[in-house]
Amino acid sequence: MDNDVSVHYRVTEAARLAGVSASTLRLWESQGLVTPHRSDTGQRQYSAERISWYRNERGLNPAAIREALDSEEPLDGTDPTTASELGRRLRNLRHLAGKTLEHVAGDVGINASTLSTLERTSQGVSFKTLHEIAEYYGATVSQLSGEASESRSTMVRAGDWRTWPETTPGVTVQLLAEGKTMMDCHRFVLAPGASSDGEYRHDGEEFMHVLSGRLELILDSHQFFELGPGDSLYFESRRYHSWRNRSEGETILLWINTPPTF
């Protein structure tokens with residue numbers, strides 16, 4: 001099988017190369033078997049070689065093809081020892097639960113293709129969606145990111161922070177405390193415009209302290225806070241909360257949750 005997915009085609013060209021009709025290729029997209037790229041003008045572009053190989057050479061049906069794709073390593077240059085680890089954990093949880101991509105995606109409220117991409121690359125969802133998926137499996141985002149997987153030194157030197165897989169564009173989460181702790185201690189680095197993309201809530205309490213930039217935090221959809229350098233906020237995590245970087249540059253903050261339910 002040719003694993004080169006760097007060349008992308010319009011739907012008619014991709015369908016011809018895959019030996020199927022354009023309507024079949026669109027059906028594969030709706031089933032989460034193939035996720036088209038977007039050109040600079042927003043036009044869908046496909047790479048269907050892997051799907052065709054599974055279909056024609058292996059004789060697999062759509063459900064079996066999807067599971068085969070789930071088990072593949074990322075083919076987009078993602079480091080499988082880092083970014084794909086969260087995706088593997090999610091895939092394992094889904095398999096242990098005996099559920100399909102469509103089942104989980106439907107329960108969470110996202111597309112099956114989005115969930116498939118997350119399981120293969122650990123990327124492509126908003127912070128809010130990632131939290132909802134973790135909650136669906138009875139876990140936390142920190143646990144899925146491998147934060148409490150082992151005991152480490154209690155001291156973390158400046159610049160030596162471990163970093164979560166960057167599931168959400170523009171949101172970098174760095175660990176300030178290692179191992180199994182009673183607090184989730186993080187350093188958030190938010191690119192301009194980065195946000196939670198919606199409100200969420202969970203058990204516990206949390207504290208944030210802005211080091212640089214400006215952060216907007218909304219509690220219960222109506223209480224607005226704008227925090228600048230040196231500002232802090234403490235609130236109960238069961239309150240719905242959403243956030244956004246309101247600075248033209250990066251916003252950096254310390255964020256602590258207790259108990260570790262984040």
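Of everything in the stretch 233-254, what is more than 16 Å from Lys128 (Cα to Cα) and not in a loop (DSSP other than H, G, I, E, B)? Give them in sequence order. Give the derivation first.
Narrowing the stretch 233-254 to residues more than 16 Å from Lys128 (Cα to Cα): 233-236, 246-254.
Within the stretch 233-254, Leu233, Tyr234, Phe235, Glu236, Thr251, Ile252, Leu253, Leu254 qualify.
Of Arg88, Arg120, Arg152, Arg94, which residue is of a type in the set (Lys, Arg) and either more than 29 Å from Glu178 (Cβ to Cβ) or modelled with pLDDT of 85 or more (or both)?
Just one listed residue meets the conditions, Arg94.
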### Summary
Note on Val189: of the conditions (1) over 20 Å from Ala139 (Cβ atoms); (2) in a strand (DSSP E or B); (3) over 21 Å from the mean Cα position of the chain (by Cα), unmet is (3)
### Query
Going through the stretch 178-205 one residue at a time, which ones are closer than 21 Å to Ser247 by Cβ and of a type outside the set (Ser, Thr, Tyr)?
His186, Arg187, Phe188, Val189, Leu190, Ala191, Pro192, Gly193, Ala194, Asp197, Gly198, Glu199
### Task
Select from the stretch 163-179 the residues that are at pLDDT below 85 and in contact with a Ser or Thr (Cβ under 7 Å, 6 or more places away or on another chain) and write down the one among them that is farthest from Thr251 (Cα to Cα).
Gly179
### Query
Only one residue in Gly109, Gly138 is within 27 Å of Leu27 (Cα to Cα), out of contact with any strand residue (DSSP E or B) (no Cβ under 8 Å at 6 or more places or on another chain) and of a type outside the set (A, V, I, L, M, F, W, C). Which one?
Gly109
### Summary
In the stretch 219-232, residues that are surrounded by fewer than 17 Cβ atoms within 10 Å (Cβ to Cβ) and assigned to a strand (DSSP E or B) total 5
### Task
Can you confirm whether the stretch 148-160 contains a residue that is touching a Ser or Thr at 6+ places or on another chain (Cβ under 7 Å) and without any contact (Cβ under 8 Å) to a residue 12 or more places away in the chain?
no
### Task
Could you list all residues from the stretch 195-218 that are assigned to a loop (DSSP other than H, G, I, E, B) and modelled with pLDDT under 95?
Ser196, Asp197, Gly198, Glu199, Arg201, His202, Asp203, Gly204
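The values are calculated or read from the model by the stated rules, or taken from the named source; none is laboratory data. Please read these numbers as outputs of a predicted model, since none were measured by experiment. All Cβ positions, glycine included, derive from the backbone under ideal geometry; neighbour counts span all protein chains shown.
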